[in-house]
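Accompanying notes for the structure given below.
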Amino acid sequence: MIIGYKDLREHRKKVAMVDGAFDPLHHGHIEYFTRARALGVPLLCNIAPDSYTAAKHPPLLPAPQRAVVLDALEAIDFTHVSPVDTETVLRELQPTHYIKGKDWEGKLPPEQVRICAEHGIEIVYLDTVRDSSTQLLKQFQTGRVEGRADVPAFEELVFSQRVVEAEHYDQEYWTSEWRPAGNVYTVEARRSIEGRHPQVIKEVFNPERALDMGCGPGILVYLLDEVGVKADGLDPAPGMREMAPPEVRERISVGDLETADVPSGSYDLVICREVFEHLTVLQVREAVRNMCRISSKFIYVTTRFHPDPKTLLDVTTQFDVDPSHITLLNKDLLRVLFVLEGFRCRQDLENKIDWMGKGRVLVYEKAVPQD
C-alpha cells in the first residue's frame, strides 16, 4: 500500500523501515527487503525523493513510479515517497526498527542515530550489499560491462591449491589459545557461543536424523543430543572420536567429506558448518555432491564467503583469521553447485536459521522431480 507523509503517524511504532533511493532496483535490494521482512514486523519502504537521487544521477524512474514497482514486492507492506529528509520521517514514523545495509554501519548520520536512541528505534544492519545502483547505472551509461569472470585465472588457482592435510586439525588446533576470544572447542565454551542455536536447528528443520559433516570434536552433535535431535558426526581428522564427549563418541566417524561412504538419503538433515573455507575448490565441489547424495531433504551450510567478489569465480583466502582458510568463494558460486545437484534454495529457512544475522548461511532442500 502506498501511503503519504500524513499517514505515517497512523503506523507509528507498528512497522520496521527500510530506506533508500532504489534507482535502479537490483537483486541486492530484494535480498535486503526479504531479510528485513523476516524480522517479523510489517515493512515500510521509505523512498528518497528525486532531489536526493538527482544529486547522484538523473532518476531512472521518477519516485512515484518506483513506489509502484516497490509496492508490488511481496516483502513490502507499505511504500512511502518521502517529501522530506530521513530524519524527519524517523521522527514522525518512529518505526520499531530502522534497517540499513551493512555498508552503513558506523556511517549513519549522527542525527539519525540520536533520533533512534531518543525514540527507542532499533538500528539493524543487514549484510545484503550486493551491488551499487549508482555503479550499475554508470556501467550502463558508459557501455561497460564489468565483472566478466577470468576463467584462465580461476583455472590456474584451482590447480595450484594444495590440500590442508587432516592431521593439521589436531587437539592443539581445537583447544589452543591461538583462537580469538576464547573460541575453543570444549563443551562449555561452545555451549556459551552456540547459545540457543541447537534449539533453533530443531525448530527450523525438525529432523529425524542429522549428520554433522566436518563435526570436529563432535560438540554440536552433543548439543543437538541435549535438545532431543538424534545426530551423528563425520570428520576427516584422526583423533576426533577420542576428543568427542563420551556420550556421543560412538556416533563420530572418521572420513573425508568428499568420499565418505554414507548410505544415500540416510539423513533428512546434513549440516556442514565452517568447513568449506578449509577445503580446496575441487574438494568443495565433491563435498557438495556427496552431501546432496546423503541428504534426503535438507542441507544447512555455513562458511566464510569472499567479502567483495567482482565476478562469480572470484576466490580469496583469510589467513589472518586462520592459516587453513584457503578458499573463500563467491556465495553465488556455492549456490550454483547445490542447484546443479538438484537442490533448491530455501531463503525463508536461511532467514530463520541465521538468527544472528551473520550472512554466512545457506539452506537447500532436495527438489521434488516434476512429472
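Coordinate-derived values only; no laboratory data. The model shown is predicted, which means the values in this text are computed figures rather than measured ones. Here the Cβ positions follow ideal geometry from the backbone for every residue, glycine too, while neighbour counts run over all protein chains shown.
Percentage of Cα-Cα pair distances in region 287-329 greater than 13 Å, rounded to whole percent? Walk me through the numbers before you get to the answer.
Working: 578 of 903 pairs.
Considering region 287-329, 64 percent of its Cα-Cα pairs are separated by more than 13 Å.
Under the 0.36 nm per residue contour assumption, what length would be gained going from the current alpha-carbon distance of Val158 and Gln171 to full extension? Don't skip to the end; give the middle numbers.
Values: separation 13, 0.36 × 13 = 4.68 nm, distance 2.93 nm.
Extending this stretch completely gives an extra 1.8 nm.
Label point 7 Å out from Arg196 along Cα-to-Cβ: which residues of region 27-62 have amide N under 15 Å?
39-40
Calculate the all-directions average of the projected area of the chain's alpha-carbon convex hull, and give it in nm².
With the hull built on Cα positions only, its mean projection is 21.5 nm².
Provide the FRET efficiency to the nearest 0.05 for the Met1-Glu250 pair, computing r from the beta carbons and using R0 = 41 Å.
Details: r = 57 Å, r/R0 = 1.40.
According to the calculation, E is roughly 0.10.
Determine, for each peptide in 99-108, 158-167, 288-297, 71-80, the mean count of other beta carbons within 10 angstrom over its residues, then list the peptides with the highest first. Before the final figure, lay out each step's value.
On the way: 99-108: 14.7, 158-167: 12.5, 288-297: 19.9, 71-80: 17.5.
In decreasing order of mean packing, 99-108, 158-167, 288-297, 71-80 become 288-297, 71-80, 99-108, 158-167.
Given the -39500 (n - 2.57) contribution per DSSP H run of 4+ residues, what per-residue ellipticity at 222 nm results for the chain, rounded to the nearest 500 deg cm²/dmol?
After summing the helix terms and dividing by the residues of the chain, the value is -9500 deg cm²/dmol.
Tally the DSSP beta bridges in the chain and give the antiparallel ones as a percent, rounded to 5.
Working: 10 of 45 bridges.
Looking only at bridges with both residues in the chain, the antiparallel portion is about 20 percent.
Could you give me the ³J(HN,Hα) list for region 33-44, computed from phi with Karplus coefficients 6.51, -1.76, 1.60 and θ = phi - 60°, whole Hz, x at Gly and Pro?
5, 4, 5, 5, 5, 5, 5, x, 10, x, 10, 9
So what is Rg over Rh here for region 16-127, counting just Cα atoms and using Kirkwood for Rh? Show your work: numbers first, answer last.
Working: Rg = 13.1 Å, Rh = 14.1 Å.
Dividing the radius of gyration by the Kirkwood radius yields 0.93.
Could you state, as a whole-number percent, how many of the C-alpha pairs of region 242-313 are farther apart than 15 Å? Don't skip to the end; give the middle numbers.
Values: 1626 of 2556 pairs.
Distances greater than 15 Å cover 64 percent of the Cα pairs.
Antiparallel DSSP bridges in region 212-360: what percent, to the nearest 5? Let's see the in-between values first.
Values: 2 of 15 bridges.
Restricted to region 212-360, the bridges split so that about 15 percent are antiparallel.
Compute, for region 1-82, the length of the dipole vector about the Cα centre, with Cβ point charges of +1 (Lys, Arg) and -1 (Asp, Glu) only. Units Debye, rounded to 20.
Values: 9 positive and 9 negative charges, 60 e Å.
In debye, rounded to 20, region 1-82 gives about 280.
Please compute the contact order of region 20-68 in relative form: average sequence separation of alpha-carbon pairs under 8 Å and at least six residues apart, divided by the residue count, as a percent.
Contact order relative to length: 49 percent.
Considering only Cα-Cα distances, which of the following residue pairs are longer than 31 Å: Lys6/Lys310; Lys107/Lys366; Lys14/Lys230; Lys14/Lys352? Spell out each step's value before the answer.
Details: Lys6/Lys310 42 Å; Lys107/Lys366 41 Å; Lys14/Lys230 40 Å; Lys14/Lys352 21 Å.
Cα-Cα > 31 Å for Lys6/Lys310; Lys107/Lys366; Lys14/Lys230; rest within.
For region 51-117, compute the orientation-averaged projected area of the C-alpha convex hull (one quarter of its surface), in nm². If you can, show how the numbers build up before the last one.
Values: hull surface 22.1 nm².
Computing the convex hull of the Cα atoms and averaging its projections yields 5.5 nm².
Which whole-number percent is the relative contact order of the chain (Cα, under 8 Å, 6+ apart)? Could you put the intermediate results ahead of the total?
Working: 648 pairs, mean separation 45.4, N = 371.
This gives 12 percent for the chain.
For Asn206 paired with Val69, estimate the spin-label separation in nm (one decimal), with each label point 7 Å from Cα along the Cα-to-Cβ line.
Reported label-point gap for Asn206 and Val69 is 3.9 nm.
Describe numerically, in nm with one decimal, the distance between label points set 7 Å from Cα along Cα→Cβ at Glu92 and at Glu188.
Here the answer is 5.6 nm between the modelled labels.
At 7 Å along the Cα-to-beta-carbon direction for both Asp320 and Ser51, put a label point, then send me their distance in nm to one decimal.
The two pseudo-label positions are separated by 4.1 nm.
Asp348 to Asp150: extension gain in nm, 0.36 nm per residue of separation minus the Cα-Cα distance? Kindly include the intermediate steps, with their values, before the conclusion.
Details: separation 198, 0.36 × 198 = 71.28 nm, distance 3.28 nm.
My answer for the length gained is 68.0 nm.
For region 240-371, how big is Rg over Rh, using alpha carbon atoms and the Kirkwood form of Rh? Before the final figure, lay out each step's value.
On the way: Rg = 15.3 Å, Rh = 15.8 Å.
Computed over Cα atoms, the ratio is 0.97.
At 0.36 nm per residue, and after removing the present C-alpha to C-alpha distance, how many nm does the segment from Glu226 to Glu242 gain when stretched out fully?
Numbers: separation 16, 0.36 × 16 = 5.76 nm, distance 1.97 nm.
Roughly 3.8 nm would be gained on extension.
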